[in-house]
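As structure tokens, the structure follows; a few thoughts come after it.
Laboratory data are not the source of any read-out in this text; all were calculated from the coordinates shown. Just so it is clear, the structure is predicted and the values come from calculations on it, not from any experiment. So basically every Cβ, Gly included, is an ideal-geometry build from the backbone, and we count neighbours across all protein chains shown.
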Amino acid sequence: MSARHYQGPAFLSYGFRPFFLFAGLSAAFLVPAWLYLFTHGGGLPGGIDPLRWHIHEMLFGYLAAVITGFLLTAIPNWTGRLPISGRPLLMLALVWLLGRMAMLAPIMPETAAVVDSVFLIAVAGLAAREVMAGKNWRNLPVCLIVGLLAAANIVFHLESLSVFGGDYAVRASIGLVVMLNALIGGRIVPSFTTNWLIKNSRSERPVPFGEFDKLLLLATAAALLAWIVRPESEVVAAVLMAIGGGHLLRLYRWRGWATTSSAIVLVLHVAYLWIPVGLGLLGLDAIMQGALTQSAGIHALTAGLMGLMPLAVMSRATLGHTGRDLRVGTFGGVMYSAIFLGAFLRVMAVFMPEAYMSFLSAAGFLWCLGFLMFTVRYGAMLLAPRVGA
């Protein structure tokens, strides 16, 4: 359906609208629900282990919605093709919702696995079709990562059904999302920073993408693959810490300190900072022979990176694509700060066993607050027509 002739509800005019709203709502619901199950016990109607449900829905529910909203918005810009809207977009959104319902419904786990797996397969296929139709070969790696994420979801279900052992799917999905952030973040963070610096007549400029970035991305992919297979290896640990240092240097080269007066730009740099922090903590855990149980590094990459970067991208894209100025004001600063502080407390909880539950509760409250703020303020924009349309 052509976006130029689309006459339906604004909510279905562009992919970011339903999927960013779904992401905000699910993020605000999932963490409190998990904390309740963690503190009060009990199970879920479908019989899935509550911890695995929490992990699955954060990675393949909430985060999958963010990725889909981003892709359906970015791909038309990449390819020059019309965006998906109307009935096809509605059908894709319903498939996502069915997956969430299936993971909670009192049905056979095999049935839930099949229903849930359809969504990411559809998104990967759709993204590949659009990129190839537009001959936009530069972005095929993004499609590959989404396809591998769909495969990781299937493996997660097979592991849950005890078809084979191991916990590879969770590490693989985290690794894939880190790569997606390193790849896409490496484009948007310096690009948006440069635009803001030029607009505000600042002399600083991010270092352009070059050989350093290419080598770092390749090394990151290799290190994460090794971590997926051998998370306990001290050699892998040392490599992860070195790669984390490389990402810290990459972030320094983007001159984020020059954007402190713009929360919507600065937050991108702060969000990317969770990559070197997370990789460093994963490496430190292996060197300490599991003393951190990997939880600190994993939550730096999930609650930190996968909480703050999506929020930064969703708020910016919502403002821009609904015809509003790229300013978030005090409200946005509080929203970003809530997610950052919540992630910080979640990571620190690992090091504070005597105050673990207090830190965990505070982290969950701040996470929920940040995404509720997004849902309330930006949800209205996602539902309404573009300003001036």
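Observations on the model:
- For the pair residue 288 and residue 355, the difference between a 0.36 nm per residue extended length and the Cα-Cα distance amounts to 21.9 nm.
- 15 Å beta-carbon shell around residue 334, net charge (K/R +1, D/E -1): +2
- Normalised by 2.2 N^0.38 Å, where N is the number of residues, the alpha-carbon radius of gyration of region 173-389 equals 1.06.
- Pairwise FRET efficiency - residue 380 versus residue 229, Cβ, R0 = 35 Å, nearest 0.05: 0.15
- Peptides 277-289, 301-313 ranked from most to least packed, by the mean per-residue count of other Cβ atoms within 10 Å: 301-313, 277-289.
- log10 of Debye I(q)/I(0), alpha-carbon scatterers only, for the chain at 0.06, 0.11 Å⁻¹: -0.22, -0.78
- Measuring nothing but alpha carbons in region 105-219 and taking Rh as the Kirkwood radius, the Rg to Rh ratio lands at 1.12.
- Other residues lying with their Cβ under 15 Å from the Cβ of residue 217 contribute a combined charge of +3, Lys and Arg counting +1, Asp and Glu -1.
- For the chain, modelled as a GNM whose springs connect Cα atoms under 10 angstrom apart, the maximal fluctuation among 29, 209, 11 occurs at 209.
- Segment residue 348-residue 211, extension gain: residue separation times 0.36 nm, minus the distance between their alpha carbons: 45.8 nm
- Each peptide in 66-72, 193-199 was scored by the mean count of other Cβ atoms within 10 Å over its residues; highest first, the order is 66-72, 193-199.
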